[in-house]
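Read the figures in this text as sums done on the coordinates, not as results from a lab. What you are looking at is a predicted structure, and each value in this text was computed from that prediction instead of being measured. A quick note on method: Cβ atoms are made from the backbone with ideal geometry, for glycine too, and the neighbour counts reach across all protein chains shown.
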Ligand code: ADP
Ligand code: MG
C-alpha cells in the first residue's frame with residue numbers, strides 16, 4: 001500500500017460572497033497522521049476538508065500534498081479520497097461494482113478491477129456481501145462499502161466528514177476502533193471531521209480545534225486536554241474552568257492574579273504577561289479540591305448550585321464571587337465519603353500546577 005505524504009495548508013481562505021468560511025488557515029499534517037478537525041457547527045471544518053479534497057475551490061492560499069502543490073488540481077488527480085457523509089453509493093450497482101467504479105472510469109479491465117475491489121472489501125470485512133445492492137445493506141455496511149470505494153484509488157490521505165454521526169452509540173465506538181486500526185494498517189493520513197471532543201480525543205494523533213474559520217489550537221490530544229491554548233478550547237473541551245482576572249504581581253516564574261470578587265491565585269507564568277493586564281486562566285475541573293484543609297485555599301468559597309452523578313465521578317457546579325460558573329469533578333468514592341448538598345458553602349483549593357494562563361484568541 002501507499003505510505004502517506006505530508007499535507008500542508010498555506011494561508012488557505014474561503015469566502016462565500018463577503019462571508020469568510022475559512023480564514024487564512026495554515027497547518028501541516030505529517031504523513032501517516034490520524035488528524036481530526038474538531039469544532040462546533042459552522043466553524044469551517046467541512047469547507048476545509050473539501051478544499052483539501054478539491055471539491056471546493058480555494059479563494060486564497062495553497063494546498064500542498066507531498067512535493068506537489070495541488071490547489072488547482074481536480075479531486076481525482078490529487079491523491080486524496082473522500083468518503084461522503086451520505087455514502088453516495090449507486091443504488092443499481094452491487095457492492096463489488098460500487099467499489100470498482102472509479103477503476104472502471106479509468107478504463108481498468110474488468111477482472112483486474114473486480115479483484116482489487118474484492119481486496120478492498122476484505123480490508124473492511126465486507127467481502128461476504130459483495131453481490132448485494134445498497135438497499136440490501138444496513139447503514140453500517142453501506143459505510144464500509146463507501147470506505148472501500150474511497151480506498152481503492154490508493155490515496156495518500158483519506159478524508160472523512162463526520163463518518164460516525166449517523167451510527168448508534170454502540171456501533172459508533174466499534175467503527176471508531178476500526179477506523180483507527182485501518183489507518184494504522186494503511187499508514188496513510190486520515191483527516192476526520194467531527195464536532196465530538198470525545199471522538200477527536202480517542203482517535204487523533206493531531207487534533208485541530210477550529211472556531212469561526214480559524215485554528216485555535218493544533219496539538220496532540222494530551223496537549224489539548226492539559227494545556228488548552230485559548231479560552232475557547234478550554235471551554236469547548238469541557239474539562240476546564242475559565243476564570244478572568246487581572247495580574248496583581250509577578251514573582252520569578254509565577255504570577256499572582258485577582259478576580260473581581262477579591263480572591264487571588266498563583267499561576268506559573270507559561271505566557272508572558274504584564275502586571276495590571278487582564279488575563280484568563282484555566283483550571284482543570286478534576287484538580288479542584290473541595291473543603292480540603294490540607295491544601296491552603298485560594299480564598300474562594302463556592303456555593304453549590306447543582307450536583308450530577310456521572311458514575312465514576314460526581315460533577316458539582318458552583319458559583320463564587322467574581323466567577324460565573326465553576327465545575328468540579330469529584331471521584332465517586334471521595335464524594336460519598338463527604339457528600340455535599342445544593343446550597344452548601346465550600347472552600348475551594350488547587351495548586352499552581354493545575355492552573356495555566358490562556359492566550360488571547
Ligand atoms: P462545519 O462543517 O464546521 O459545520 P462548514 O464548513 O460547513 O462548517 O461551514 C462554514 C461556514 O461557511 C458556515 O457559516 C456556512 O454557513 C458557510 N458555508 C458553507 N458552505 C457554503 C456555501 N456553499 N455557500 C455559502 N456559505 C457556505
Ligand atoms: Mg460540516
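Between the range 144-164 and the range 8-26, the C-alpha centres lie 25 angstrom from each other.
If you plug the beta carbon distance of residue 345 and residue 167 into 1/(1 + (r/R0)^6) with R0 = 51 Å, you get a FRET efficiency near 0.70. Relative to the dominant Cα principal axis of the chain, helix 110-123 is inclined by about 30°. An ellipsoid equivalent to the range 50-194, defined through the eigenvalues of its Cα gyration tensor, has semi-axes of 24, 19, 14 Å when rounded to whole angstrom and sorted largest first.
Each label was represented as a point 7 Å from its Cα along the Cα-to-Cβ direction; for residue 360 and residue 136 these points are 6.4 nm apart.
Principal-axis analysis of the Cα atoms of the chain puts helix 139-151 at an angle of about 70° to the longest axis.
Which FRET efficiency, nearest 0.05, do residue 324 and residue 251 yield, Cβ-Cβ r, R0 22 Å?
On the way: r = 28 Å, r/R0 = 1.28.
My answer for the efficiency is 0.20.
Counting every other Cβ atom within 10 Å of each residue's Cβ, 92, 356 order from fewest to most as 92, 356. Within the chain, all pairs of alpha-carbon atoms sorted by distance into 10 Å bins from zero give the percentages 5, 21, 25, 21, 15, 9, 4, 0. Give me D for the range 206-254 in µm² s⁻¹, whole number, from Stokes-Einstein with Rh from the Kirkwood sum over alpha-carbon pairs, 25 °C and 0.890 mPa s. My calculation gives 202 µm²/s for D.
Stokes-Einstein diffusion coefficient for the range 76-132 at 37 °C in a medium of 0.692 mPa s, Rh from the Kirkwood formula over Cα pairs: what value in µm²/s? All intermediate terms of the calculation are to be shown ahead of the outcome.
Details: Rh = 12.0 Å.
In µm²/s, the coefficient is 273.
Could you tell me what percent of the DSSP beta bridges with both partners in the chain are antiparallel, to the nearest 5?
Details: 58 of 77 bridges.
Here the share of antiparallel DSSP bridges comes out near 75 percent.
Largest first, the extents of the alpha carbon coordinates of the range 237-357 on the three principal axes equal 42, 29, 23 Å. Classify the range 140-297 as rounded, prolate or oblate from the Cα gyration tensor: take a ≥ b ≥ c as the square roots of its eigenvalues, call it rounded if a/c is under 1.5, otherwise prolate when a/b beats b/c and oblate if not. In terms of gyration-tensor shape, prolate. Taking the C-alpha atoms only, the angle from helix 169-186 to the longest principal axis of the chain is near 70 degrees.
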